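Novice: Handing you this structure, nothing more for now.
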Amino acid sequence: MSPGEWEAAVSELWSDAVLEPEDRIERMRALADQAPHPALGAFELGGVFDSGGREADADVQYAAAADLGLAGIDRARAAQLAIQHASTLRNLGRVDEALRMLRDAPAHESVGAAHAVFLALTLHSAGRKDEALRVSIEAIEPTRPRCNRSMRNYRSESRGSADRRGRTVEPRDHRSLRVSSAARPRVMPGRGDVGKADTRHGLARSRE
């Protein structure tokens with residue numbers, strides 16, 4: 001199977017909306033074995049575990065994809081991996097690990113504002129609600145130029161509130177994260193979140 005044929009087969013599998021989760025997992029296992037690179041197979045297999053609610057299995061595959069060098073093979077998938085894996089860690093109760101992963105996540109236009117969304121969700125899960133609000137505001141600020149002044153004020157207020165409580169404000173500037181209509185649809189609220197708007201896992205479930 002050529003790389004192009006493999007990519008087409010993966011996309012076709014994700015686009016089958018009536019397939020049962022376990023059937024999707026078994027079919028993806030077979031495709032993972034034929035992947036052009038093992039990191040690609042591990043990433044896609046992690047995604048189907050993720051979308052099937054098997055977070056522990058997804059964690060293993062996502063970690064394998066990173067260890068196998070996904071960042072050097074597919075930059076778009078590497079950016080998606082960081083967000084999907086962090087979301088899985090958050091659902092497994094490993095919130096601090098999820099926050100570290102999101103801080104170090106590589107940037108890529110395909111993920112649009114997903115990084116900021118999941119960072120805000122994870123901060124909220126960690127009880128850092130003021131920071132979560134600030135990150136959310138910074139993510140939408142570029143899309144609402146007429147409201148920039150008000151949003152800047154809200155952001156400053158949330159930062160001051162977090163500082164007064166002795167919390168550490170995230171150093172990363174999220175103003176550069178823009179919602180992109182060109183973002184790959186399979187990345188946003190998840191492949192398995194494919195079509196689901198719940199916040200359990202975005203990316204893995206927002207696939208085509």
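Novice: Using 0.36 nm times the number of residues separating L19 and D104, minus their current alpha carbon distance, what extension gain do you get?
Specialist: On the way: separation 85, 0.36 × 85 = 30.60 nm, distance 3.44 nm.
Additional length available on full extension: 27.2 nm.
Novice: Relative contact order for region 1-108 using alpha-carbon pairs under 8 Å, separation at least 6, rounded to a whole percent?
Specialist: Here the relative contact order equals 19 percent.
Novice: What is the projected area of the convex hull of the Cα atoms of region 1-108, averaged over all directions, in nm²?
Specialist: Computing the convex hull of the Cα atoms and averaging its projections yields 6.4 nm².
Novice: Karplus couplings for region 116-127 from phi (6.51 cos²θ - 1.76 cosθ + 1.60, θ = phi - 60°), rounded to Hz, Gly and Pro as x?
Specialist: Each residue of region 116-127 in turn: 5, 4, 6, 5, 4, 4, 6, 4, 4, 4, 7, x Hz.
Novice: Order by neighbour count: F49, F43, fewest other Cβ atoms within 10 Å first, most last. List each step's numbers first, then the result.
Specialist: Numbers: F49 25, F43 29.
Listing F49, F43 from fewest to most nearby Cβ atoms yields F49, F43.
Novice: Next up: Could you list S15, S136, S125 so that the one with the fewest beta carbons within 10 Å of its beta carbon is first and the one with the most is last?
Specialist: S15, S125, S136
Novice: In region 16-46, which residues have a backbone nitrogen under 19 Å from the label point lying 7 Å from S2's Cα in the Cα-to-Cβ direction?
Specialist: Label zone hits: 34-37.
Novice: To continue, here is another question. Could you check the simple spin-label distance between A63 and S11, using points 7 Å along Cα→Cβ, in nm with one decimal?
Specialist: In this crude label model, A63 to S11 measures out at 3.3 nm.
Novice: Return the sequence-ordered ³J(HN,Hα) values of region 90-107 in whole Hz as given by the Karplus equation 6.51 cos²θ - 1.76 cosθ + 1.60 applied to θ = phi - 60°, using x for Gly and Pro.
Specialist: Result, rounded to whole Hz: 4, 5, 8, x, 9, 5, 4, 5, 4, 5, 4, 5, 5, 4, 8, 4, x, 7.
Bear in mind these aren't lab numbers, they're just calculated from the coordinates by the rules spelled out. Not measured: the values here are computed from a predicted model. Ideal geometry is used to build each Cβ from the backbone, glycine not excepted, and the neighbour counts take in all protein chains shown.
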